[in-house]
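These notes concern the structure reproduced below.
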Amino acid sequence: MTEDKSQHNGEGADAENIRVGVYICHCGGNISDTVEIERVVEAAAKMPSVVVARRNMFMCSDPGQSMIEEDIRTERLNRVVVGACSPSLHELTFRGVLTRAGINPYLFENANLREQVSWVSKGDPTGATDKAIRLVGAAVAKARLLRPLEPIRLEATPRVVVIGGGLTGLRCALDLARLDLDVTLLEEQPFLGGHLAELGQVYPSDKPAREILGELIREVSAHPRICILTSAEVIEASGCVGTFLLKVRAAGEMETQCFSAERIAADLASRAHGPNGDHHNDGAGTTELEIQAGMAVLATGFDHYTPSQGEYGYEEHPGIITLPALIRELESGGLGSGPPALNGRPINSIGFIHCVGSRELDGVHDQNGKTELNHYCSRVCCTSALWAAKQLQARYPDLQIYDFHKDIRTYGHGHEDIYEDTAKSGVIFCRFADTAPPKVTVTESDPPLMISLKDELTFNEEIDVPVDLVVLVTGMVPHAIDNLVDMLKLPRSADRFLQEVHPKLRPVEMAVNGVLIAGCCQAPLDSVESAAAASAAAAKAAALLGKGYIEREPFVARVDQALCNGTSACVEECKYNQAVSLVETAGGARKAQVNAAICCGCGMCAAVCPTGAIQVDGWRLDQFDAMIDALLVNY
Amino acid sequence: MTAGNSGRKPMILILATEACAYPGADNTGQIHAEYSTNAYVVRVPAPVQFNEEFYLRCFDKGIDGILVMTCGHECPYAGAYDRTAQRIGRVHELMKERGLDTRRLRICAICTVCSKAYLKEVKAMVELVSQEQAAAVGGS
Ligand SMILES: Cc1cc2nc3c(=O)[nH]c(=O)nc-3n(C[C@H](O)[C@H](O)[C@H](O)COP(=O)(O)OP(=O)(O)OC[C@H]3O[C@@H](n4cnc5c(N)ncnc54)[C@H](O)[C@@H]3O)c2cc1C
């Protein structure tokens, strides 16, 4: 179907012979128990351009769909409105009906009569019927101005660049390669594995992290479709979905590296000594190279929260450490094989304090000069702290362990068992209120550290617990990737992690087309959840790139060249590089032009265009105006 | 068939973002919570596409109250939420110049499961425009 030029500004509605069919669904009784369907159908029949108005018990059923299909053929309908449930359920179903009947699928409009009328207006059936009529009227008004659209088809390079070589990036790279896509895996550190490599035995499997990662790195580095670049930094990013172009600076070799078993073991072993390890030198000098990829997956992970000086006594005594530091000590045997000791000091008692740098509250945690509070829960720390406590108990049965928390959130499969095990084997739990975190003081006595709090589990008794070691159970903060955020225009949520389009409907996609996210760059996740997200991102990328081209919904900005004055207001307003730019036309004038591959369809440009030349297809201002006019019509 | 909005129930327009507020409105239906039948939801990708005149035009046509229900800082489009908020501020200025009560246009953030917040916003706007209508009838 070709585009009719006369319709360009919606003026075409009357010029073209618009024939609208309106179909109202009873939804069993879900809609019809409240809304008087007969009245809605009668009113719809009187609306402009409506040639058929009918109802059915279930419009989404085969008979319902066939009714529309038949009418499109016999009544020569060229627009269809269905008043039924929310468009999130059956918009695609009904677009399919239009396609099957031989008309453009984008000539369909929905009126949401169930979730937004009948289900919320049981007490006012008259009002509900009136509201349903007005919403159908608005849908008809929009439908009259709809135009045929075609999905945007973009050439796609069958390569995915995965940024971040932690568990998430590794899992994703391997899944992608197994789905027959080429992969470039970029890691800014000289080694792979991310934060998991710093851990020892990990829950829930009780396997050493090194074993899990070692296996994965071996497979990834041996796969012929995967090219690994370590010590790599993205210095420039351009292009769009289908053909991203990244300029990367990397140390050492640029070709596929197949890591030897010795190298993997040495790298992973060195990681137990700290986040930076004793790293392997990949060779002298740096090289720059360009990578073209159809899509990008961000797997840039997290950083440990670092308490500020004095926060729960941090850095004021060597016996106040963070959970990751304790895990490192445990892993490298730092607490000794006999009775536990740290730096020569015997450790007979340990107090864990939860939620350090997580679930912070305004007015409570901003006291010591902090400007950015982490309101979110870091999710893995409760289980991880109890897991560490369990390992300590196993190794040092005489050690007394206290656990100070505001809640215990052992949410995952099997996590609650870890909680129960530690409780049964003698860990003493105390609970503080959200607004009254414990205080840590350094004393002259032995043990030298004192944790003071009001314990809610003993009816707010004020208690002072002397301990040898305080472990601050720190959470996660997003890893700093400001340059990537700027270059790729990546949206971040209020908590500064990367933001998906929708947590349930599009959980691994970003609003920037072709950029996917997985793992801890999106939110605090444990390794099981990170791996699941990685596989989801790989499947999503493969589904999109597998055909050799990418198809996108056509709801992007379009410029009516006849109306464009070339003011460049849209170009200045747009936040997406190159989504809209000024080009010289044949007549020598400069006009705006949209790159449909980059445009995300937000419409920011439309608001600032002085002549209304630039509009988002499917969501044009004239369509909205027509809808509002129609809402105000009394039938 | 007649147009205009004289002598009828006040009408509230809700511009609801496709990614957050619209599913939020659907969620309110899924839990079968009731609210006034005067509130009409229109789905939008991002309200940032509406210029100042659009809002003024809506009031001219007879819309009594507008709720711009956004994704707030969870907005998937770069810079769109801040821009919308700024623009609503400017529309408020223009409304003042025209003697319109600025409370009739409100921006808020509604998530996909924020039924409580959704209901609270709708209820507050229904009350406001109903009071204003009553006052106008009483005063004329
Ligand atoms: C204290 C603690 C204990 C934990 N214990 C457990 C446990 O026992 N069991 C469990 O299941 N989970 C545990 N977790 C969670 C687990 O560590 C994470 O789920 C996992 O590490 C997430 O992997 P990731 O790849 O998403 O992120 P990361 O591990 O952070 O890896 C990200 C990688 O990306 C790289 N990178 C970042 N930015 C760039 C860039 N711009 N360019 C190139 N590369 C970049 C980084 O160098 C890093 O290698 C624990 C977490 C914490 C904090």
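The values are calculated or read from the model by the stated rules, or taken from the named source; none is laboratory data. Quick caveat, the model's predicted, so the values are computed rather than measured. In this analysis, Cβ positions are derived from the backbone assuming ideal geometry, glycine residues included, and neighbour counts consider all displayed protein chains.
What number goes with the only condition from (1) at pLDDT below 90; (2) within 28 Å of residue A:204 (Cβ to Cβ); (3) in contact with a His (Cβ under 9 Å, 6 or more places away or on another chain) that residue A:494 does not pass?
(2) is the only condition that residue A:494 fails.
Kindly evaluate residue A:634 against the criterion of being away from chain B (no Cβ under 14 Å) and polar (S, T, N, Q).
Answer is no for this residue.
Looking only at region A:512-531, how many residues end up being more than 10 Å from the ligand (Cβ to nearest atom), part of a loop (DSSP other than H, G, I, E, B) and more than 13 Å from chain B (Cβ to nearest Cβ)?
1
Modelled with pLDDT of 95 or more and more than 16 Å from the ligand (Cβ to nearest atom): is that true of residue A:347 in this structure?
The answer is yes for residue A:347.
Just to verify a result, which residue in region A:345-390, among those that are among the hydroxyl-bearing types (Ser, Thr, Tyr) and part of a helix (DSSP H, G or I), is farthest from residue A:407 (Cα to Cα)?
For region A:345-390, the residue satisfying everything is A:384.
Would a scan of region B:35-48 turn up a residue that is more than 7 Å from chain A (Cβ to nearest Cβ), crowded, with 17+ Cβ neighbours inside 10 Å and of a type in the set (S, T, N, Q)?
For region B:35-48, residues more than 7 Å from chain A (Cβ to nearest Cβ), crowded, with 17+ Cβ neighbours inside 10 Å and of a type in the set (S, T, N, Q): present.
Considering only region A:532-558, state which residues are within 16 Å of the ligand (Cβ to nearest atom) and surrounded by fewer than 22 Cβ atoms within 10 Å (Cβ to Cβ).
Within region A:532-558, A:532, A:535, A:536 meet the criteria.
Looking at residue A:320, is it closer than 21 Å to residue A:403 by Cα, under 39 Å from the mean Cα position of the chain (by Cα) and among the β-branched types (Val, Ile, Thr)?
Judged against the criteria, residue A:320 is a match.
Test residue A:478 against the criterion of being within 10 Å of the ligand (Cβ to nearest atom) and either crowded, with 23+ Cβ neighbours inside 10 Å or of a type outside the set (A, V, I, L, M) (or both), and give yes or no.
When the stated conditions are applied, residue A:478 passes them.
Just to confirm my filter: which strands (runs of 3 or more DSSP E) fall fully inside region A:253-322 and include at least 1 residues that are outside the structural domain of residue A:483 (by TED's automatic domain parsing), of a type in the set (Asp, Glu) and at pLDDT below 95?
Of the strands (runs of 3 or more DSSP E) lying wholly inside region A:253-322, none has at least 1 residues that are outside the structural domain of residue A:483 (by TED's automatic domain parsing), of a type in the set (Asp, Glu) and at pLDDT below 95.
Out of all the residues in region A:478-491, is one or more of a type outside the set (Ser, Thr, Tyr), part of a strand (DSSP E or B) and closer than 30 Å to residue A:390 by Cα?
Taking every residue of region A:478-491 in turn, at least one turns out to be of a type outside the set (Ser, Thr, Tyr), part of a strand (DSSP E or B) and closer than 30 Å to residue A:390 by Cα.
With the structure loaded, tell me whether residue A:580 is within 23 Å of residue A:514 (Cα to Cα), among the β-branched types (Val, Ile, Thr), within 9 Å of chain B (Cβ to nearest Cβ) and crowded, with 21+ Cβ neighbours inside 10 Å or whether it fails that test.
The answer is no for residue A:580.
Within region A:87-95, is even one residue among the aromatic types (Phe, Trp, Tyr) and at the interface with another protein chain (Cβ under 9 Å from one of its Cβ atoms)?
No, every residue in region A:87-95 fails to be among the aromatic types (Phe, Trp, Tyr) and at the interface with another protein chain (Cβ under 9 Å from one of its Cβ atoms).
Tally time: how many residues in region A:290-335 are surrounded by fewer than 16 Cβ atoms within 10 Å (Cβ to Cβ) and more than 25 Å from residue A:196 (Cβ to Cβ)?
Counting residues in region A:290-335 that are surrounded by fewer than 16 Cβ atoms within 10 Å (Cβ to Cβ) and more than 25 Å from residue A:196 (Cβ to Cβ) gives 8.
Which ones in region A:198-211 are more than 9 Å from the ligand (Cβ to nearest atom) and crowded, with 20+ Cβ neighbours inside 10 Å?
The answer is A:210, and nothing else.
Pull up region A:144-178, narrow it to residues that are away from the ligand (no atom under 14 Å from the Cβ) and among the acidic types (Asp, Glu), then point me to the one that is nearest to the other protein chains (Cβ to nearest Cβ).
Once the filter is applied, the top-ranked residue is A:150.
For residues that are more than 8 Å from the ligand (Cβ to nearest atom) and more than 14 Å from chain B (Cβ to nearest Cβ), scanning just region A:373-384, find the one that is farthest from the chain's Cα centre (by Cα).
So the residue we want is A:382.
Restricting attention to region A:116-126, does a residue exist that is surrounded by fewer than 24 Cβ atoms within 10 Å (Cβ to Cβ), of a type in the set (D, E, K, R), in contact (Cβ under 8 Å) with a residue 60 or more places away in the chain and within 14 Å of another protein chain (Cβ to nearest Cβ)?
Yes.
Inspect all residues belonging to region A:493-511 and state whether any of them is more than 12 Å from chain B (Cβ to nearest Cβ), within 16 Å of the ligand (Cβ to nearest atom) and not in a loop (DSSP other than H, G, I, E, B).
No, the conditions are met nowhere in region A:493-511.
Got at least one residue in region A:86-106 being under 30 Å from residue A:239 (Cα atoms) and in contact with a strand residue (DSSP E or B) (Cβ under 9 Å, 6 or more places away or on another chain)?
no
Only one residue in B:107, B:63, B:14 is surrounded by fewer than 22 Cβ atoms within 10 Å (Cβ to Cβ) and aliphatic (A, V, I, L, M), so which one is that?
None of the others qualify; the one that does is B:107.
Here are B:87, B:57, B:104: which of them is over 30 Å from residue A:503 (Cα atoms) and within 12 Å of chain A (Cβ to nearest Cβ)?
So the residue among B:87, B:57, B:104 that is over 30 Å from residue A:503 (Cα atoms) and within 12 Å of chain A (Cβ to nearest Cβ) is B:57.
Are any of the residues in region A:96-113 in contact (Cβ under 8 Å) with a residue 60 or more places away in the chain and either within 16 Å of the ligand (Cβ to nearest atom) or farther than 24 Å from residue B:16 by Cβ (or both)?
yes
Checking residue A:195 against (1) buried (at least 24 other Cβ atoms within 10 Å of the Cβ); (2) within 22 Å of the chain's Cα centre (by Cα); (3) within 9 Å of the ligand (Cβ to nearest atom), only one condition comes out false. Which one?
For residue A:195, the exception is condition (1).
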